[in-house]
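Structure first, then comments.
The values are calculated or read from the model by the stated rules, or taken from the named source; none is laboratory data. Not measured: the values here are computed from a predicted model. Cβ atoms come from the backbone with ideal geometry, glycine included; neighbour counts cover every protein chain shown. Ligands, DNA and RNA are stripped out before the accessible areas are found, and what is left, the full protein with its side chains, is counted by its heavy atoms. Shrake-Rupley method; radii C 1.70, N 1.55, O 1.52, S 1.80 Å.
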Amino acid sequence: MGIRFILMVNKQGQTRLAQYYEWLTLEERRALEGEIVRKCLARTEQQCSFVEHRNYKIVYRRYASLFFLVGVDNDENELAILEFIHLLVETMDRHFGNVCELDIMFHLEKAHFMLEEMVMNGSVVETSKANILTPIQLMDKAS
Amino acid sequence: MAMHGMRGLSVFISDIRNCQNKEQERLRVDKELGNVRTRFKNEKGLTPYEKKKYVWKMLYIYMLGYDVDFGHMEAVSLISAPKYPEKQVGYIVTSCLLNENHDFLRVAINSVRNDIIGRNETFQCLALTMVGNIGGREFAESLAPDVQKLLLSSSCRPLVRKKAALCLLRLFRKNPDVVNVDGWADRMAQLLDERDLGVLTSSMSLLVALVSNNHEAYWTCLPKCVKILERLARNQDVPQEYTYYGIPSPWLQVKTMRALQYFPSIEDPNTRRTLFEVLQRILMGTDVVKNVNKNNASHAVLFEALALVMHLDAEKEMMSQCVALLGKFVAVREPNIRYLGLENMTRMLMVTDVQEVIKRHQVQIIASLKDPDISIRRRALDLLYGMCDVTNAKDIVEELLQYLSSADFAMREELSLKAAILAEKFAPDLSWYVDVILQLIDKAGDFISDDIWFRVVQFVINNDDLQPYAAAKVKEYLHKPAVHETMVKVSAYILGEYSHLLARRPGCSPKEIFSILHEKLPTVSTTTIPILLSAYAKILMHTQPPDQELQNQIWAIFTKYESCIDAEIQQRAVEYFALSRKGAALMDILAEMPKFPERQSSLIKKAEDAEVDTAEQSAIKLRAQQQTSNALVVTDQRPANGAPPPVPVGQLSLVKVPSMITTEDNGTLSKVDPQPPSADLLGDLLGPLAIEGPPGATVPSEHNAVSGLEGAAEAVDGSAIVPVEVETNTVKPIGNIAERFHALCLKDSGVLYEDPYIQIGIKAEWRAHHGRLVLFLGNKNTAPLISVQALILPPGHLKMELSLVPETIPPRAQVQCPLEVVNLRPSRDVAVLDYSYKFGANMVNVKLRLPATLNKFLQPIPVSAEEFFPQWRSLSGPPLKLQEVVRGVRPMPLSEMANLLNSFRLMISPGLDPNPNNLVVCTTFYSENTHAILCLVRIETDPADRTQLRMTLASGDPTLTFELKEFIKEQLVSIPMVPRAPAAAPPAPPAAQLTPQIPANDPAALLAGLL
């Protein structure tokens, strides 16, 4: 049970954020991202949010131009992950105010900070938006 | 904002974004990398802020997929920066760029530890997170105590403790020893009393990992988990921040239910009742709502609850609620719920008694097989595969066949394999099975592995009734305009063997069959031509009366291929040509194929071996346990051309003769054979060869002159052509067992037994009355040996303890089994190792004498004349002193006899006897009852007649005196009388054993006599 990676990819297939919870070499990452982006981006809205790939699953969700792809072990609870993606987006919304691709692109470090508060070692650590955002708000205040 | 300071980074990201193509992007990235590299080179001038900026750029470039092979040190060094912003960047970028084995991490370990044990909460969080993400063994060893302290500390705030919990999880995974189960179980239970849901969320992940490793130790956590679940389900004391669309932390609920699934059962009735109440609420109280997020979250909880109910094997009523829910889900339009419904229904197949209910949903499930979404189709396929049995096989397989034509390429191989397996396992009748396989080949020939067509050929050969049907069927397919090559192979094979059965039907004369087949020859590859040639030869043979024209045609083809560059084709052409001119002699050689011994389907085996997800795997297992259709139990017919060979006593391996089946009620094979279906590697190895090997590819040796080729592989191929006796594949030992045993009586290590599959070596150490033997069981093959059993049959005087022998010996592996021996009293009896294993269809059982013989408990001792004579005299007369004249001694020079005795640890003491023709021997014997006893022996030989001698023995124990006398006599008189020539026969491949009779001088027979 666990999250293996979280990817944010735009509809052109460009990676906007990549966080892996298991070590893959750069070549493996490139290959993996290529394969799953091809698979997921070709799917229609009427299809389900789960794609089986190699020995794990991709749970994904699309928000405007941005795809959130989460690779999980086969025995992970898919719907819980699907809503975890939404929780991540809502958290970003709360911070950026209607988050868009550009926010994540130009504030990559913040996206990483948030993710870091939410997931650790492939497990969900925190689901309270207030708790997730506290460190970032402290930093913003300090600077 | 922090970003304001990093203008350079924003500019760079903008530049990248504005790149028109990949090439421009690469140029921009290269430029930036060059820039960063130069800046890092004169590090002195860099401010922490600049360093931070460059490190972010590196991360950005790395994320884009470019290699960043420098700057790691700079990223790591930021960890020890004094200020938070730099430190944070250092930690985050380090955990993105480096893996746990990176050398630089070691450099940082001290700074990380300082942050963890320091007072600054925010630093603690950063450090814990990084270690939690990429900490390795070294971190585990040096940091685990600190992390545990933080997690348990009452003065620590939740924000630190929740990170400590997951950090500890990482360290535990890297080195399970860092969590001491004894001490930790109680603390884990205490942790679950936590009110803060953040800490609980991460502690629950830790618990899942711990209980999955050892649920027994953590049983006290079980009621606490139920309590947490109850608190959440009843929404008691759940802060608003942890409520997601009105649902109290669905993630924690899911995790808690997951943890509960690692406990095998719930004993305490109160806990069980509370849990079932909660689960009941979830099952009944989850409604479909408009809001997608709320709906998903509540269904996430519901599906986990379903899994938990299945795991707990709840009451029937609750189970049927689950099936009913799943039945609803597989019929909904919403794709996510339908996908999960199908997935969970497949898991449900493992629960007993629900099969029939699931079958009611077959129509909806089949509808999902045609869904446009491949994810859903896959789930539907798995479920259909799992739920298939004799009652619905026809419907399901036909659906699969229909779907095959439109299925996407990604699924065709899996689909056709599954259809083939189901057709084989659950066929209501064999002709239907043949139909299915032929359709599969026709529709998806490219995806049909050889196993599939080999298998159908096996069935046809083994079932007489099926032969004309199959022949007629394949002929129909050959008339189609485009025929797949695999179809040509099957057709050629079947028509070659059985087209004569159709001879009376219109359009089925040998000539017509030949021309249909021959039409295909230009379209096929070199692997198929040999099969066609075999078919031609067979057709020619079956043509009665001979047809001159057909013969000329076929001969012309043989002649044409006589000079083919492909050796297989050439050999067949040459041999068939020569054979077919022999006329009547042809009949025997090209006779119909003998029946195949029944064996487990390689397909089913393959499916079982294949990496499948656990649910599917269990479904297969479950299926395998169920009764399969009778139709496919190969009816055994003893071949007409040979009575079953007599089974000599002591034959090494009695292969199960299928005729045993008919005497039973023709039920399933498992009824007859108590052993589970086995991996049949040899069978598989031979199977294909047997099918492909054409009659005549292996020509009995007198015909070898014709081909002029010494086919090395013929021995194996032979299984297809040799007379039926071969069905009793005997496994012959390599080398002489008796000789090996005798050699091991003299030395302490060597080979005890060897056959084509296994080698048993032995290594022994002896000390006084104790012995320690190690058996080395070496599997010589690339397939595992299974059902391995070793039993020691010790004689009364030895106490023996064999350590556990594994049931399976992996390919090419050697297993060591120590054997402890204690000698209780003197005796010449030997221990026997009763050893058996299974390789493919061969059950091999061997009884081997173990070289734990009397002489192993002797210790040579030099004795002086002063010691010897008083002893010798004090032991006067029987039973302590015995004398015997031994006749029939193997003649040997005195020195050789001395050596022989010495090698049995009977020490020659020269000079004690004045007569040079006599030997005086001293030794000490050890046993638990007698302790050390001095044994004295005098052997008087007659130089005129070396075949007789007089032996006098003395010891303080009458039994010992007698046993030792007999032992020495045996060594001098009974020399292992095994003729060398037959025993030294080369290790022939097992399948090629043409003679089932074991000659009287076979070591095995001898051994059996000895035993």
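I want the local charge near B:Ala217. Using Cβ-Cβ distances under 11 Å, sum +1 for each Lys or Arg and -1 for each Asp or Glu among the other residues.
With Lys, Arg at +1 and Asp, Glu at -1, the neighbours total -3.
Could you give me the ³J(HN,Hα) list for segment A:12-17, computed from phi with Karplus coefficients 6.51, -1.76, 1.60 and θ = phi - 60°, whole Hz, x at Gly and Pro?
7, x, 7, 6, 9, 7
Under a Cβ-only charge scheme (Lys and Arg +1, Asp and Glu -1), can you give me the dipole magnitude of segment B:448-590 about the Cα centre, in debye to the nearest 20?
280 debye
Along Cα→Cβ, 7 Å out, is where each label goes; now give me the distance between the ones at B:Asn291 and B:Ala410 in nm to one decimal.
Here the modelled spin labels are 3.4 nm apart.
Could you tally the net charge around B:Asp755, taking each other residue with its Cβ under 9 Å from the Cβ of B:Asp755, Lys/Arg +1 and Asp/Glu -1?
+1
Quick check: net charge around B:Leu746, other residues with Cβ under 12 Å of its Cβ, Lys/Arg +1 and Asp/Glu -1?
+2
So if I take the centroid of the Cα atoms in segment B:755-790 and the same for segment B:384-416, what is the distance between those two points in Å?
Computed from Cα coordinates, the inter-centre distance equals 46 Å.
As a quick test, which of the pairs B:Lys480/B:Lys520; B:Lys394/B:Lys489; B:Lys799/B:Lys881 have an alpha carbon distance above 19 angstrom in this structure?
From B:Lys480/B:Lys520; B:Lys394/B:Lys489; B:Lys799/B:Lys881, over 19 Å: B:Lys394/B:Lys489; B:Lys799/B:Lys881.
Please find the FRET efficiency linking A:Asn55 to A:Gln137, where r is the Cβ-Cβ separation and R0 is fixed at 60 Å, and quote it to the nearest 0.05.
0.90
Treat segment B:857-972 as a sphere of radius equal to its Kirkwood radius over Cα pairs and apply Stokes-Einstein at 37 °C in a medium of 0.692 mPa s; give the translational diffusion coefficient in µm²/s, rounded to a whole number.
232 µm²/s
Let me see the pair-distance distribution of segment B:448-590: every alpha carbon pair, 10 Å bin width, integer percents in order.
12, 44, 37, 7
For helix A:78-96, what angle does its Cα long axis make with the longest principal axis of chain A, in degrees from 0 to 90 and rounded to 10?
On a 0 to 90 degree scale, this one is about 30.
Peptides B:376-388, B:554-566, B:291-303: what's the order by average Cβ count within 10 Å, highest mean first?
With the highest mean Cβ count within 10 Å placed first, the list reads B:376-388, B:291-303, B:554-566.
Go ahead and run the numbers for FRET between B:Glu592 and B:Asp450, Cβ-Cβ distance against an R0 of 25 Å, rounding to 0.05.
The computed FRET efficiency comes out at 0.65.
Within segment B:143-157, list the residues whose amide N lies under 18 Å from a label point set 7 Å along Cα→Cβ of B:Ile109.
Inside the label zone: B:143-148.
Please work out how much accessible surface A:Tyr20 shows to a 1.4 Å probe, ignoring ligands, DNA and RNA, in Å² rounded to 10.
20 Å²
What fraction of the Cα pairs in chain A, stated in percent, has a spacing above 25 angstrom?
23 percent
Find the accessible area per residue for chain A; the probe is 1.4 Å, ligands and nucleic acids are left out, and the unit is Å².
34 Å²
How far apart, in nanometres, would the label points at B:Arg273 and B:Arg505 be if each is projected 7 angstrom from Cα along the Cα-to-Cβ direction?
Distance between the two pseudo-spin positions: 7.1 nm.
Average partner chain C-beta neighbours within 10 Å, per residue of B:375-383?
Shielding by partners across B:375-383 averages 2.
Roughly how many Å is it from the Cα centre of segment B:508-571 to that of segment B:71-112, as a whole number?
74 Å
Could you tell me the calculated FRET efficiency between A:Ser65 and B:Val181, based on Cβ-Cβ distance and R0 = 60 angstrom, to the nearest 0.05?
0.75
Could you give the accessible area per residue of segment B:857-972, probe 1.4 Å, as a whole number in Å²?
46 Å²
Under a crude label model (7 Å from the Cα following the beta-carbon direction), how far is B:Thr808 from B:Leu46 in nanometres?
5.2 nm
Taking each residue of A:106-112 in turn, how many C-beta atoms of other protein chains fall within 10 Å of its C-beta, and what is the average?
Per residue, the average neighbour count from other chains is 6.
For chains A and B, what's the summed buried accessible area, probe 1.4 Å, to the nearest 100 square angstrom?
Roughly 5900 Å².
Short version: which residues of segment B:220-256 lose at least 10 Å² of accessible area, all chains versus chain alone, 1.4 Å probe?
Buried by 10 Å² or more upon assembly, which counts only protein chains, are B:Glu241, B:Tyr242, B:Tyr244, B:Tyr245, B:Trp251, B:Val254, B:Lys255.
Any idea how far the Cα center of segment B:17-37 sits from the one of segment B:821-873, in Å?
80 Å
Starting from the amide H of A:Met120, placed 1.01 Å from N in the peptide plane, find each other amide H under 5 Å away whose residue is 5 or more places distant or on another chain.
Those lying under 5 Å, H to H, from A:Met120 are A:Val125.
Just to confirm, what accessible area per residue do you get for segment B:448-590 at 1.4 Å probe, in whole Å²?
For segment B:448-590, the solvent-accessible area averages 41 Å² per residue.
Taking 29 Å as the cut-off for C-alpha to C-alpha distance, list the pairs among B:Lys763/B:Lys969; A:Lys57/A:Lys129; B:Lys443/B:Lys560; A:Lys57/B:Lys838; B:Lys87/B:Lys227 that go past it.
B:Lys443/B:Lys560; A:Lys57/B:Lys838; B:Lys87/B:Lys227
Other chains' Cβ within 10 Å of B:325-335 residues: what's the mean?
Across the residues of B:325-335, the mean count of other-chain Cβ atoms within 10 Å is 1.
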